[in-house]
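See structure below.
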Amino acid sequence: MKRVFLFVLDSCGCGEMPDAAKFGDFGVNTLRSCATSAQLHVPNMVSYGLGNIDSVDFLGKSDAPKGAFARLKEASMGKDTTIGHWEIAGIISPNPLPTYPDGFPEEILKPFREATGRGVLANAPWSGTEVINKYGAEHMRTGALIVYTSADSVFQVAAHEEWIPLQELYDACRKARKLLQGKYGVGRVIARPYVGDAEHGFKRTANRHDFSLEPPKQTMLDAVKAAGLDCLAVGKIHDIFAGRGDTEYVFNKSNADGMAHTTDYAARDFHGLCFVNLVDFDMLYGHRRDIDGYAAALTEFDRWLGTFLPTLGEDDVVMITADHGCDPSYTATTDHTREYVPLLVLGKGVKPGNLGTKITFADIAATVTDLLGVHWDGAGTSFAGEIL
């Protein structure tokens, strides 16, 4: 194969894993929750086998699926973006990244305050929209940075764009990233800029930026690049892998923007991997527990997919998957949920069929490298022989 387009529909899980209760999740199923909405209409993905995936019995099955399909189990001990994407790219993480349910310790906050010259507000797990409404006015009054976390391994820094320049916020996050190593090595430090005022409300902007922990081993991206092929990163991919392994990257302002970027890349004669993250599912709808919004976003992607696939060539393969769940109907928390993820494999050279349930997301890395003729000695088992 000449090109692989790998889409991560960020957080689109398809049912709780057997160990979900250990992660505090009970009865979760992101895709099933979306199926309760009148806004969900995904005929293209259903025609390729989305409803035929193991335990996905709520979308309607295709009598003759046009694609290969599977359910993937997460072998890593986590349910966050970093660990999920790392596993897709061939790294299984047996130990979870550190989390801070009681906020960050003083041995981190003290050097952070000294490095930035600013105070710290909040320092606890918060919803991103709620924390700026709670502390936004105080931030503007004092200049202190809003630092918060979640159930995930993240150190998030929020600041008003009109009071603290974006570059200063990004620089503060880079300083935090240098501090947060070793036992404090959270998966991501995230800059969370916002605008607005106390009277009319605060709103986060599209200028978010992630500063990730560098992957501890070679990834699928590294292997593709080392083979001299193209590795094009769309959306958060560049940030998630700390800028390692891609040969070109572009950020997204929205899902629609990411799909447009992918269309542009597909029009080019490249050889290798185009790795795409569409984060609106998670950021705008999953965490905010917006079932209709999530369903409408899936409908938007499915509609675009119907226009995208006919433009591809005989030697192109499309894979569609997710990195974890974020069930928009689950009210116990607003955090990610521990779920299986779906996988669709599409293309003119792909043999349709049920690939069953795979034991690790890393099978994607092994298969992508196999399809592209790239040496791979990382985790995962290739299913290229099952689909060609």
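The values are calculated or read from the model by the stated rules, or taken from the named source; none is laboratory data. Quick caveat, the model's predicted, so the values are computed rather than measured. Note that each Cβ is placed from the backbone with ideal geometry, even for glycine, and that neighbours are counted across all protein chains shown. Surface areas here come from the heavy atoms of the whole protein model, side chains and all, with no ligands, DNA or RNA. Shrake-Rupley method; radii C 1.70, N 1.55, O 1.52, S 1.80 Å.
Before moving on, here are some points about what is shown:
- Charge tally in the Cβ shell below 13 Å around A233, where Lys, Arg are +1 and Asp, Glu are -1, A233 excluded: -3
- Basic side chains Lys and Arg get +1 at the Cβ, acidic Asp and Glu get -1 at the Cβ, and with that the dipole of the chain about its Cα centre reaches some 340 debye.
- Taking packing as the residue-averaged number of other Cβ atoms within 10 angstrom, the listed peptides 331-344, 142-155, 37-50, 16-29 run from highest to lowest as 331-344, 142-155, 37-50, 16-29.
- Options A151, G272, M1, ranked by Cα towards positive dipole end of the chain, top entry (Cβ charges): A151
- 3J(HN,Hα) along region 116-130, derived from phi through the Karplus expression 6.51 cos²θ - 1.76 cosθ + 1.60 where θ = phi - 60°, amounts to 9, x, 10, x, 10, 10, 6, 6, 6, x, 8, 6, x, 6, 5 Hz, with x in place of Gly and Pro.
- For the chain, a Gaussian network of Cα nodes joined below 10 Å ranks G313, G378, G13 by mean-square fluctuation, and the top entry is G313.
- Accessible area of F241 in the full protein assembly, 1.4 Å probe (Å², nearest 10): 0 Å²
- Annotation: amide H of L121 within the under-5 Å range of L145, I146, V147, sequence separation 5 or more or interchain, hydrogens built in the peptide plane.
- Long-range amide H partners of T357 with built H, under 5 Å: R71
- Gyration tensor (Cα) of the chain, equivalent ellipsoid semi-axes in angstrom: 34, 22, 20
- Using just its DSSP H runs of length 4 or more, each adding -39500 (n - 2.57), the chain gives a mean residue ellipticity at 222 nm of -8500 deg cm²/dmol after division by all residues.
- Surface per residue (accessible, 1.4 Å probe) for the chain, Å²: 38 Å²
- Sulfur and carbon atoms: percent of accessible area, the chain [1.4 Å]: 51 percent
- Taking amide H atoms as placed 1.01 Å from N in the peptide plane, the amide H of R192 lies under 5 Å from those of V157, A158, A159, each 5 or more residues away in sequence or on another chain.
- Compactness index (Cα Rg / 2.2 N^0.38 Å), region 253-388: 1.14
- Protection-proxy order for peptides 262-272, 362-372, each taking the mean of Cβ atoms within 10 Å per residue, highest first: 362-372, 262-272
- Simple label model, 7 Å out from Cα along Cβ direction - E314 to E162, nm: 5.9 nm
- Whole-Hz Karplus values for region 97-103 come out as 6, x, 10, 9, x, 10, x Hz, taken residue by residue from phi with 6.51 cos²θ - 1.76 cosθ + 1.60 and θ = phi - 60°; glycine and proline positions read x.
- Spatial offset of region 19-75 relative to region 287-350 amounts to 10 Å, using the alpha carbon center of each.
- Where labels lie 7 Å past Cα in the beta-carbon direction, separation of D197 and K183 in nm: 4.7 nm
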